[in-house]
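What follows draws every value from the coordinates through simple rules; no lab data is involved. This is a predicted model, so every value here is computed, not measured. Here the Cβ positions follow ideal geometry from the backbone for every residue, glycine too, while neighbour counts run over all protein chains shown.
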Amino acid sequence: MTNAKLKEEDLKYIFHPCTQMKDHERLPLIPIKSGNGVMLEDFDGNKYIDAISSWWVNTLGHSNKYINEKIKAQLDTLEHVLLAGFTHEPAIKLSKKLVELTPKGLDKVFFADNGSSGIEVALKMAFHYYSNKGEQREYFVSLSGSYHGETIGALSVSDMGLYKDVYNPILIKTLQAKSPQNQTIEEAKFALDDMENILKLNHKNIVSVIVEPLVQCAGNMNMYHPVYLNGLRSLCDKYDVLLIADEVAVGFGRTGKLFACELAGITPDFMVLSKGLTAGYLPLSVVMLTNTIYDMFYCEYDTKGAKSFLHSHSYTGNPLSVTAAIAGLEFLENENILQKNQDTIEFIREQSLRLKELVSVTNIRQQGMIFAFDVLGYKSEDRIGLRIYEFALKHGVLIRPLGNVVYFMPPYVIKNDEIIKVFDVMIDAVLSL
Ligand SMILES: Cc1ncc(COP(=O)(O)O)c(C=O)c1O
């Protein structure tokens, strides 16, 4: 099919995610033919640096040979089997590895198949934990500016009016605490005070606090100090509410460490992982939990199922996805990626100094392999994010600003000359406004 035909047929049949389809009357779709490393190539031979890791999933490059080979081998062995009553070697191997790698105390793995479904599992399990203890608690606490996904529970604990407001009548019960607005310790303490006020008043009716450790990604790449996480862990202990760490976007090396919680030295009660879990290859998520939670569900089966966690997804623990995850972790280890990332992180920091010269750029920030800045002087109706996106595409870079927040979150295999190119294009894009 030609490029033009692909676009035509696409618009005839596909309703795209997170898209006002009418925009495509003007904005051309880009059918992608292939990916290699950080590069995506379209059907006209144009190449784009995937500077946002295809919605933050791709950590180790497109078409990574090592991962490809492992998936191909698994494909000829077992493509899928249900995980209830049955099990398979890749699921066991990955679970063991994740228990070793995640913070001490997270000793069990519950599989799901995307970030939002992982969040649903954690929310439901946390609610059910107290129910099994004989307590009916109804509220979840989340932070301003948070984002945890699009399913009803995940959306309820998110603070994205644009995605959420229309569904308000059907959401679950939540309370909202202030998130720290910058990376200072003072701001972390200020936000902790707000959290404590909420917990003090309502803790008997609160199931859990859910948080995106260190970076609220969809929430304008808001970054905060690890001290907030330490304080939050202490508050959750003090008021006996569970802590859910949503590392869907920041897990697997994004923040500089394998897991963001490591930077604060805390163990949450649940840790939800997806995106980089399979290095961006296949849909998969896991919920890591403590044995204390697990034990609360371990009892004789009763026909009403009141105490058992009878949650499932058909593709739970799919062997191909799990194999991609194991291969990704092996690649990270064998190629010493996290160590190499330290140089990349430093190089991004050096490049970011160039932005300081632009008067319309403010709030330049970085946490590991996530870099962001704000562009001043435009209203949301100006849709400058879209203008920057279009400009960057024309110049061979895929970035998708969040409103007036431009960010860079590349696959870890990006090279210095490619980083320079992304910064060149981001600067030119801002100057072109
Ligand atoms: C922090 C966080 N949690 C959950 C999700 C939802 O994951 P998914 O898009 O796989 O449902 C996202 C997606 O961007 C996310 O950034």
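Quantify how much of the Cα-Cα distance distribution of segment 175-281 extends past 17 Å, in percent.
In whole percent, the share of Cα-Cα pairs in segment 175-281 beyond 17 Å is 51.
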Whichever aspartates and glutamates have a C-alpha closer than 19 Å to that of K12, once near sequence neighbours (fewer than 8 apart) are set aside: D23, E25
Taking a cut-off of 17 Å between Cα atoms, list the lysines near K379, but don't count ones fewer than 8 places away on the same chain. none
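Where does the chain land at 222 nm, in deg cm²/dmol rounded to the nearest 500, when only DSSP H runs of n ≥ 4 count, each adding -39500 (n - 2.57), divided by all residues? List each step's numbers first, then the result.
Details: 15 runs with 167 residues, N = 433.
Helix-only estimate at 222 nm: -11500 deg cm²/dmol.
Only four residue types carry charge here, +1 at the Cβ of Lys and Arg and -1 at the Cβ of Asp and Glu. Report the dipole size of segment 227-385 about the Cα centre in Debye, rounded to the nearest 20. Kindly include the intermediate steps, with their values, before the conclusion.
Details: 14 positive and 19 negative charges, 78 e Å.
Rounded to the nearest 20 debye, it is 380 debye.
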Distance from segment 249-324 to segment 338-406 (C-alpha centre basis), Å: 31 Å
Taking the chain as the reference, fit the longest principal axis to its C-alpha atoms, fit the long axis of helix 226-238 to the helix C-alpha atoms, and give the angle between the two in degrees, 0 to 90, nearest 10. 20 degrees
Which value, in debye to the nearest 20, gives the size of the charge dipole of segment 95-196 about its Cα centre, when Lys and Arg are +1 and Asp and Glu are -1 at the Cβ? 420 debye
Quick one: dipole size for segment 68-333, taken about the Cα centre, charges +1 on Lys/Arg Cβ and -1 on Asp/Glu Cβ, in debye to the nearest 20. 220 debye
How far is helix 65-75 tilted, in degrees, relative to the longest principal axis of the Cα atoms in the chain, given as a value from 0 to 90 rounded to the nearest 10? 50 degrees
Log entry: pair-distance distribution for the chain, C-alpha pairs binned every 10 Å from zero, whole % per bin is 4, 20, 31, 27, 14, 3, 0
Give the angle, between 0 and 90 degrees and rounded to the nearest 10, that separates the Cα long axis of helix 319-334 from the longest principal axis of the Cα atoms of the chain. 70 degrees
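Quick check on my link table: of K93/K124; K97/K421; K7/K47; K164/K340; K104/K340, which ones sit more than 28 Å apart, alpha carbon to alpha carbon? Intermediate values should be presented prior to the final figure.
Working: K93/K124 26 Å; K97/K421 37 Å; K7/K47 17 Å; K164/K340 39 Å; K104/K340 25 Å.
Pairs exceeding 28 Å: K97/K421; K164/K340.
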